[in-house]
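**Q** What follows is a structure written as structure tokens; I'll ask about it next.
The values are calculated or read from the model by the stated rules, or taken from the named source; none is laboratory data. All of these numbers come straight from a predicted model, not from anything done at the bench. In this analysis, Cβ positions are derived from the backbone assuming ideal geometry, glycine residues included, and neighbour counts consider all displayed protein chains. We work out accessible area using only protein heavy atoms, side chains counted, and drop any ligands, DNA or RNA first. Shrake-Rupley method; radii C 1.70, N 1.55, O 1.52, S 1.80 Å.
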Amino acid sequence: MLKSQEDEVIPQNWYNIVPDLPEPLPPPRSDDDQNSSIELLNRIIPKELLRQEFTFNRYERIPDEVREKYEMIGRPTPLLRAVNLEKLLGYSGKIFYKYEGATITGSHKINTAIPQAYYAREEGISEVVTETGAGQWGTATALASALYGLKSKVFMVRVSFDQKPMRKAIMNVYGTEVVPSPSSETSYGRSVLSQDRNHPGSLGIAISEAVEYALDTGSSYMLGSVMNSVITHQSIIGLETRKQLEIMGEQPDVMVGCVGGGSNFSGFVFPFVGESRNIEMIASTAIEVPKFRDGEYKYDFIDSAGILPRLRMYSLGAGFVPDRIYAGGLRYHGAAPALSLLVKRGTITHDEVHENEVIDALKIFSRTQGIIAAPESGHAIASAIRYIRSNKESRKTIVINISGHGLMDLGIFSKRVT
Amino acid sequence: MNIIPYFTLGFPDDGTLQAAVRSAAENGIRMIELGFPSQDPKYDGPGIRKTHAGNRASMDAFDPSILSILREHGISYYALLYYSEIHDSLDRKLSRLKELGFSGIILPDLLIDFFGESREVILHIQAQSLELIPFFTQATPDAVISDVSQMTSSWIYYGLQPSTGIIVPLDLASVTQRVKALLPGRDVVYGFGIRGTEDIKMLRSMGAYGAAVGSLFVKYLGSGDVESISRILSEMEVAASA
Ligand SMILES: Cc1ncc(COP(=O)(O)O)c(C=O)c1O
């Protein structure tokens with residue numbers, strides 16, 4: 001039982017879209033004739049999580065303890081009407097936003113970090129390890145492991161590590177050890193460093209390092225995005241949104257979110273995919289990482305070292321190294337398989353936004369709704385504004401997922417690029 | 001319950017495979033799956049992948065005595081192949097399979113990689129009077145299971161694991177529930193990751209029509225140890241009928 005009145009809004013179950021997809025989700029692939037990289041997951045991922053990864057169960061019960069933690073970290077997150085933004089844009093329809101930045105760690109990432117840490121603890125695991133790009137996932141992992149008394153370690157993409165010392169400080173306060181990646185702690189990290197001592201790092205490399213560390217030390221690897229089980233956990237965003245809209249007597253016509261690995265977007269929209277009403281779903285990516293526009297729908301590795309299985313997804317190539325990091329969380333080369341499948345089928349459309357437009361959108365949103373959103377979420381706002389500007393008279397109800405706050409990313413406002 | 005061994009034609013060599021098939025026949029099997037080698041056995045795990053690697057057997061070039069042994073014992077044989085390998089010359093390949101006496105075919109990649117054309121392909125196969133054995137996995141959506149099963153009346157192949165021969169945690173009880181709900185009254189053969197008599201007993205208690213066993217045999221085939229294959233099959237037959 002939860003302590004507040006939020007019992008009604010926080011769902012009892014997560015939703016898994018796999019049994020409801022319009023066609024089968026391609027399985028992960030392992031092309032090694034000796035050892036299966038799929039089977040390897042048994043060594044680094046809690047059993048319950050792995051079961052959820054491959055299940056066809058439409059609903060997975062949220063353990064009571066996890067629901068209580070959800071409440072503690074700020075769930076349900078607010079769903080609010082953006083009246084000032086509507087006015088500013090002269091929009092004749094309604095705009096709502098779901099604000100994941102209201103969680104304690106400032107983004108949706110905590111939604112999956114909590115159950116993953118919970119299952120690890122339940123299975124007697126004492127240490128967890130992961131990677132982080134922008135630092136949001138690392139922060140979520142840091143808090144979740146603190147809550148469950150687990151030791152934790154985060155490989156942080158080097159450019160972020162250098163540019164975001166405060167992120168590192170937060171993780172340290174929660175008790176997490178943070179290492180810049182590529183690092184000399186893993187053989188993969190050393191091999192990358194031997195080619196370029198000043199390698200800026202990438203999510204793909206950091207994932208490889210974390211996985212290698214997990215395999216070597218017997219610790220558990222925390223999955224930040226992309227995987228089905230993560231998206232199932234993130235469905236809490238969409239399930240709450242649906243309930244909150246229902247309470248307000250509203251229904252969405254258009255849903256917009258940003259895509260890195262695809263977890264906040266998929267979690268937001270998947271509970272609505274099966275609805276009979278036609279809802280436009282727009283996945284916003286960084287134009288610098290145009291996975292849906294320029295990527296290929298193919299089997300590709302999750303990580304740069306190719307330790308983990310290959311997934312069928314839109315990908316710019318597992319070796320993809322983005323050059324700048326104003327929205328570190330969107331810099332991943334691929335996107336979750338179920339999301340990729342729905343983009344391929346045209347159920348979900350995509351939009352690519354340039355940094356300048358994102359910065360403008362973030363300013364507009366701060367000055368109208370008061371929230372300085374994360375640069376990643378700025379893409380969702382920018383795509384929504386684009387949509388509204390070209391459909392001013394449409395009267396449609398638009399719901400934007402604001403995946404995080406941007407209070408740790410203020411640097412982007414001082415170095416505007418042209 | 002049926003124990004349904006799987007062998008890849010041409011692996012490891014004609015003599016060993018013949019001996020293995022003969023021992024399976026003598027152990028009382030009633031159905032068997034025979035795989036045709038693929039250049040890219042994409043959804044197979046390490047065990048089965050080894051049986052495909054460098055294997056040059058094909059529909060037009062494999063040891064025909066394998067099929068004679070099966071016919072002698074009245075065993076139904078089913079072809080397991082990747083649709084990607086046959087879609088270019090579908091009619092010729094289907095009529096070849098028919099001519100060779102196969103009862104049906106299993107195409108693990110059809111619904112995954114060729115979903116858009118799968119309906120047409122199934123009808124086409126049926127028009128050649130071959131049975132298309134539906135192949136479903138944990139990731140096959142409910143509606144697809146219902147639609148495809150309604151197009152067919154044969155037994156159904158249900159892959160329990162994400163690929164052959166590997167094991168990740170699985171909730172068998174909910175699989176049974178799902179199969180009951182979506183495939184009422186249908187004969188269901190479970191495969192992937194079946195490693196011993198305990199699994200057979202479990203599947204039998206779930207009301208399975210059969211268990212497909214393949215990866216388990218690969219290492220014995222590789223070392224020419226047909227005796228172990230025979231022993232495993234006989235133990236499994238006991239567990240299946242106990
Ligand atoms: C605030 C925020 N939004 C979005 C993302 C993108 O990830 P995903 O697509 O998995 O939601 C990140 C990733 O770090 C993030 O921190």
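**Q** Hand me the list of strands (runs of 3 or more DSSP E) wholly inside the stretch A:218-318 holding 3 or more residues that are aliphatic (A, V, I, L, M).
**A** Result: A:254-258, A:280-286.
**Q** Same structure, new question: Only one of A:E177, A:E212 is acidic (D, E) and in contact with a Gly (Cβ under 9 Å, 6 or more places away or on another chain). Can you tell me which?
**A** Result of the check over A:E177, A:E212: A:E212.
**Q** Being in contact with a Phe, Trp or Tyr (Cβ under 8 Å, 6 or more places away or on another chain), without any contact (Cβ under 8 Å) to a residue 40 or more places away in the chain and crowded, with 18+ Cβ neighbours inside 10 Å is the filter here, so list the residues in the stretch B:73-95 that pass it.
**A** Correct list: B:Y83 only.
**Q** Can you name every residue in the stretch A:357-376 that is out of contact with any Lys or Arg (no Cβ under 7 Å at 6 or more places or on another chain) and either more than 25 Å from A:Y314 (Cβ to Cβ) or at pLDDT below 95 (or both)?
**A** A:D360, A:L362, A:K363, A:I364, A:F365, A:S366, A:R367, A:T368, A:Q369, A:G370, A:I371, A:I372
**Q** Is it fair to say A:A113 is more than 15 Å from the ligand (Cβ to nearest atom) and part of a helix (DSSP H, G or I)?
**A** In short, no.
**Q** Name the pairs whose Cβ atoms lie under 6 Å apart, with the first residue in the stretch A:127-153 and on the phi > 0 side of the Ramachandran plot, the second of a type in the set (F, W, Y) and more than 14 Å from the ligand (Cβ to nearest atom), and 6 or more positions between them or separate chains?
**A** From residues that are on the phi > 0 side of the Ramachandran plot, there are no pairs.
**Q** Okay, next question. Quick check on A:I372: is it more than 13 Å from the ligand (Cβ to nearest atom), over 16 Å from the mean Cα position of the chain (by Cα) and surrounded by fewer than 23 Cβ atoms within 10 Å (Cβ to Cβ)?
**A** Against the criterion (more than 13 Å from the ligand (Cβ to nearest atom), over 16 Å from the mean Cα position of the chain (by Cα) and surrounded by fewer than 23 Cβ atoms within 10 Å (Cβ to Cβ)), A:I372 does not qualify.
**Q** How about the stretch A:29-47: which of its residues are assigned to a helix (DSSP H, G or I) and facing another protein chain (nearest Cβ under 7 Å)?
**A** Result: A:L41, A:N42, A:K47.
**Q** Please tell me if B:Q150 is surrounded by fewer than 20 Cβ atoms within 10 Å (Cβ to Cβ) and more than 25 Å from B:L70 (Cβ to Cβ).
**A** Spelling it out, B:Q150 is indeed surrounded by fewer than 20 Cβ atoms within 10 Å (Cβ to Cβ) and more than 25 Å from B:L70 (Cβ to Cβ).
**Q** All but one of (1) on the phi < 0 side of the Ramachandran plot; (2) at pLDDT below 95 hold for B:L110; state the number of the condition that does not hold.
**A** Only one criterion is unmet by B:L110, namely (2).
**Q** Only residues that are under 16 Å from A:T176 (Cα atoms) and within 16 Å of the ligand (Cβ to nearest atom): list them for the stretch A:207-220, please.
**A** Of everything in the stretch A:207-220, just one residue is under 16 Å from A:T176 (Cα atoms) and within 16 Å of the ligand (Cβ to nearest atom), namely A:A210.
**Q** Out of A:K94, A:K47, report the one residue that is over 19 Å from the mean Cα position of the chain (by Cα), surrounded by fewer than 20 Cβ atoms within 10 Å (Cβ to Cβ), touching a residue at least 12 places away in the same chain (Cβ under 8 Å) and over 30 Å from A:Y221 (Cα atoms).
**A** After ruling out the rest, the residue left standing is A:K94.
**Q** Sticking with this structure for a sec: Given the conditions (1) at pLDDT 95 or above; (2) within 14 Å of another protein chain (Cβ to nearest Cβ), which single one is not true for B:A24?
**A** Here B:A24 clears every test but (2).
**Q** Whether any residue in the stretch A:16-23 is open to solvent by 20 Å² or more (accessible area, probe 1.4 Å) and at pLDDT 95 or above is what I want to check.
**A** yes
**Q** For A:G404, work out the one condition from (1) at pLDDT 95 or above; (2) within 16 Å of the ligand (Cβ to nearest atom); (3) open to solvent by 20 Å² or more (accessible area, probe 1.4 Å) it doesn't fulfil.
**A** (3)
**Q** Taking the stretch B:43-56 as the region of interest, how many residues are over 15 Å from A:S36 (Cα atoms), open to solvent by less than 20 Å² (accessible area, probe 1.4 Å) and not in a helix (DSSP H, G or I)?
**A** Number satisfying all stated conditions: 0.
**Q** Is there a residue being part of a loop (DSSP other than H, G, I, E, B), more than 14 Å from chain A (Cβ to nearest Cβ) and under 21 Å from B:K42 (Cβ atoms) anywhere in the stretch B:174-184?
**A** No, the conditions are met nowhere in the stretch B:174-184.
**Q** Select, from A:S181, A:S160, A:S145, the only residue that is surrounded by 19 or more Cβ atoms within 10 Å (Cβ to Cβ), more than 21 Å from A:Y326 (Cβ to Cβ) and not assigned by TED's automatic domain parsing to the domain that holds A:F320.
**A** Being surrounded by 19 or more Cβ atoms within 10 Å (Cβ to Cβ), more than 21 Å from A:Y326 (Cβ to Cβ) and not assigned by TED's automatic domain parsing to the domain that holds A:F320 holds for just one of A:S181, A:S160, A:S145, which is A:S145.
**Q** Out of A:G346, A:G329, A:G378, I need the residue that is away from the ligand (no atom under 14 Å from the Cβ) and not in a strand (DSSP E or B). Which one?
**A** Within the list A:G346, A:G329, A:G378, the selection yields A:G346.
**Q** Let me ask something else about it. Checking the conditions here, which among A:A380, A:A327 is at pLDDT 95 or above and either β-branched (V, I, T) or surrounded by 21 or more Cβ atoms within 10 Å (Cβ to Cβ) (or both)?
**A** Residue meeting the stated conditions: A:A380.
**Q** Could I ask something else about it? What about A:R312, is it more than 16 Å from the ligand (Cβ to nearest atom) and within 14 Å of chain B (Cβ to nearest Cβ)?
**A** Yes: the conditions hold for A:R312.
**Q** So B:S103 clears everything in (1) under 16 Å from B:T8 (Cα atoms); (2) in contact with a strand residue (DSSP E or B) (Cβ under 7 Å, 6 or more places away or on another chain); (3) open to solvent by 40 Å² or more (accessible area, probe 1.4 Å) except one condition, right? Which one?
**A** (1)
**Q** Continuing with the same structure: Which one of these does A:S191 not meet: (1) touching a residue at least 24 places away in the same chain (Cβ under 8 Å); (2) not in a loop (DSSP other than H, G, I, E, B)?
**A** (1)
**Q** Hey, among the residues in the stretch A:244-262 that are touching an Asp or Glu at 6+ places or on another chain (Cβ under 7 Å) and not hydrophobic (A, V, I, L, M, F, W, C), which one's modelled with the lowest pLDDT?
**A** Going through the qualifying residues, I end up with A:G260.
**Q** So, in the stretch B:27-42, of the ones that are in a loop (DSSP other than H, G, I, E, B) and open to solvent by less than 30 Å² (accessible area, probe 1.4 Å), which residue ends up farthest from the other protein chains (Cβ to nearest Cβ)?
**A** Step by step, filter the stretch B:27-42, then rank; the result is B:I29.
**Q** Within the stretch A:299-316, is there a residue that is at pLDDT 95 or above, buried (at least 23 other Cβ atoms within 10 Å of the Cβ), touching a Phe, Trp or Tyr at 6+ places or on another chain (Cβ under 6 Å) and not assigned by TED's automatic domain parsing to the domain that holds A:A134?
**A** The answer is yes; a qualifying residue exists.
**Q** Tell me, which residue of the stretch A:50-68 that is assigned to a helix (DSSP H, G or I) and within 22 Å of B:Y43 (Cα to Cα) is farthest from the other protein chains (Cβ to nearest Cβ)?
**A** A:Q52
**Q** Could I ask something else about it? Among (1) at pLDDT below 95; (2) away from chain A (no Cβ under 14 Å); (3) in contact with a helix residue (DSSP H, G or I) (Cβ under 7 Å, 6 or more places away or on another chain), which single condition is B:T164 missing?
**A** Condition (2) is where B:T164 drops out.
**Q** Consider only pairs whose beta carbons are under 9 Å apart and that are at least six residues apart or on different chains; among these, list those whose first residue lies in the stretch A:239-261 and is within 15 Å of the ligand (Cβ to nearest atom) and whose second residue is aromatic (F, W, Y) and assigned to a loop (DSSP other than H, G, I, E, B).
**A** Partner pairs satisfying both residue conditions: A:V259/A:Y332; A:G260/A:Y332; A:G261/A:Y332.
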